[in-house]
């Protein structure tokens, strides 16, 4: 891990820490003001926006890859062509999206189960969420220079500042005004504007020669991007089918309350997953640069190293959620069914055991521009998941059992995908042995099992009924986990090398 990658990593961790602290206090605050059902509509609105990303990803998902490679090759003319072409394409897509989402919002209460008293509130919420999506299209344009310059620390600190801005906005709105769900939409728009303004500033600072001009627009660039990115759109479709439709299905086939409960159970696991996804993204620029230089051995070294590194930390939140989750929900949301929320969270965490450390493997398909086969395979897994849910639901009687079934099927198919296709095809794309990644996958699984036993033992021995006791238990699990994970995942030489690096870092900076 080079110096800039380390800075990127630290920035993402700081951003995550701030975001999780804010979410910790903000989620029960929002639920108390608007209710668990209305809170579910916030996530559902964001999920529907993700459906629209199926189309926008065809152009935007490969932008960083193409432009970074052109810049590495010192081909600034083509870099500007791609940059400008993407900008004009996003303007057109934002207009088309505005027309489509307007129709959906007008007839929203015809599509979904919404309480009559909340219809106007939910529709306004969706308007603001749609506005934020349009802003995000332009954010994605100006994110490209930050990626190309390997300055993802900018994204981390920008997200942290945005999270604080979002929290302050919501607290003020719910404290001084009548509680409405659409305040969450207003806060999202402010967060999006914060990112856009910051990225524009850093674009001018990092890559001032990269610009948006009509003369640089080239439809051939759009064709190149779509030819590669269309398969990322298919991948996005697979993600939506496997995990993005669960709330919609719960709303339609069960009820709004079931949707809200499922949404809450996914809150913390989703935050954890987002963290590891962001950490994985900090490795993508160096992986892209290694590929641009045809250094496949370096790519292999980076991938194995990053999986081990993420594995050291990933088992800790999983063990805490699975072993101490019921205590957490009882303290965090005392008015809700903590045992049921914990059960759903455990089901979700099963696939996270493999998903968190293996996040870097997803970078392979984008970096080497081999996303077609991976996209088709992922869609097959997702279609299998959604069909299994739809076929099985009519045979289940109770609402609780239906929600459990929805969560369990999604978790099973995601785990199946992570244990078969992702490591196998990832190795094939780089001409590595098929078993290249399985050794570290097995070690990661062992580390989770060991730490989970420890977390359950702590829960059984001690009566964890206060925040202080829960915090102390989490710290104990984290410390034990760090030690045991390093021993399990790293061999003697790797531990010695890491020790020397830490000592060298400490001497360098503590002596100043």
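A few points about this structure:
- If you check 228, 243, 238, 306 for being at pLDDT below 80, part of a helix (DSSP H, G or I) and over 30 Å from residue 402 (Cα atoms), only one passes: 228.
- Residues that are surrounded by fewer than 15 Cβ atoms within 10 Å (Cβ to Cβ) and on the phi < 0 side of the Ramachandran plot within segment 278-310 comprise 293, 295, 296, 297, 301, listed in sequence order.
- Test: residue in segment 361-380 that is modelled with pLDDT of 85 or more, closer than 15 Å to residue 411 by Cα and in contact with a helix residue (DSSP H, G or I) (Cβ under 7 Å, 6 or more places away or on another chain): no
- Residues of segment 363-378 satisfying the condition of being crowded, with 20+ Cβ neighbours inside 10 Å and over 11 Å from residue 231 (Cα atoms): 363, 364, 367
- Boolean, residue 340 is more than 20 Å from residue 473 (Cα to Cα), at pLDDT 90 or above and over 18 Å from the mean Cα position of the chain (by Cα): yes
- Test for residue 351: is it within 18 Å of the chain's Cα centre (by Cα) and farther than 17 Å from residue 266 by Cα: no
- Only one of the numbered conditions (1) in a helix (DSSP H, G or I); (2) in contact with a helix residue (DSSP H, G or I) (Cβ under 8 Å, 6 or more places away or on another chain); (3) over 23 Å from residue 67 (Cα atoms) is not met by residue 146, and that is (3).
- Here the condition is being within 17 Å of the chain's Cα centre (by Cα) and over 20 Å from residue 345 (Cα atoms); of 314, 281, 305, it holds for 281 alone.
- Failed condition for residue 357, given (1) part of a loop (DSSP other than H, G, I, E, B); (2) buried (at least 20 other Cβ atoms within 10 Å of the Cβ); (3) free of Cβ contacts under 8 Å to residues at least 40 places away in the same chain: (3)
- Within segment 387-399, the residues that satisfy the criterion of being touching a residue at least 40 places away in the same chain (Cβ under 8 Å) and surrounded by 16 or more Cβ atoms within 10 Å (Cβ to Cβ) are 389, 393.
- Residue 164 fulfils the conditions (1) touching a helix residue (DSSP H, G or I) at 6+ places or on another chain (Cβ under 8 Å); (2) modelled with pLDDT of 85 or more; (3) surrounded by fewer than 22 Cβ atoms within 10 Å (Cβ to Cβ) except for a single criterion, (2).
- Boolean, residue 99 is over 30 Å from residue 370 (Cβ atoms) and touching a residue at least 24 places away in the same chain (Cβ under 8 Å): no
- Count - residues of segment 429-442 that are outside any loop (DSSP other than H, G, I, E, B) and either at pLDDT 90 or above or surrounded by fewer than 15 Cβ atoms within 10 Å (Cβ to Cβ) (or both): 3
- Residue check for residue 174: in contact with a helix residue (DSSP H, G or I) (Cβ under 7 Å, 6 or more places away or on another chain), surrounded by fewer than 19 Cβ atoms within 10 Å (Cβ to Cβ) and modelled with pLDDT of 80 or more: no
- Residues being touching a residue at least 12 places away in the same chain (Cβ under 8 Å) and over 15 Å from residue 230 (Cα atoms) - total across segment 65-76: 8
- Residue in segment 117-128 that is surrounded by the fewest Cβ atoms within 10 Å (Cβ to Cβ), counting only those that are touching a helix residue (DSSP H, G or I) at 6+ places or on another chain (Cβ under 8 Å) and free of Cβ contacts under 8 Å to residues at least 60 places away in the same chain: 119
- Condition met for residue 321 (crowded, with 20+ Cβ neighbours inside 10 Å and within 19 Å of the chain's Cα centre (by Cα)): yes
- Filter result for residue 180 (surrounded by 17 or more Cβ atoms within 10 Å (Cβ to Cβ), at negative phi and outside any helix (DSSP H, G or I)): yes
- Just one of (1) more than 16 Å from the chain's Cα centre (by Cα); (2) assigned to a helix (DSSP H, G or I) fails for residue 210. It is (2).
The values are calculated or read from the model by the stated rules, or taken from the named source; none is laboratory data. Here the structure is a predicted model, which means the values were calculated and not measured. Cβ sites come from the backbone with ideal geometry, for glycine too, and all protein chains shown count toward neighbours.
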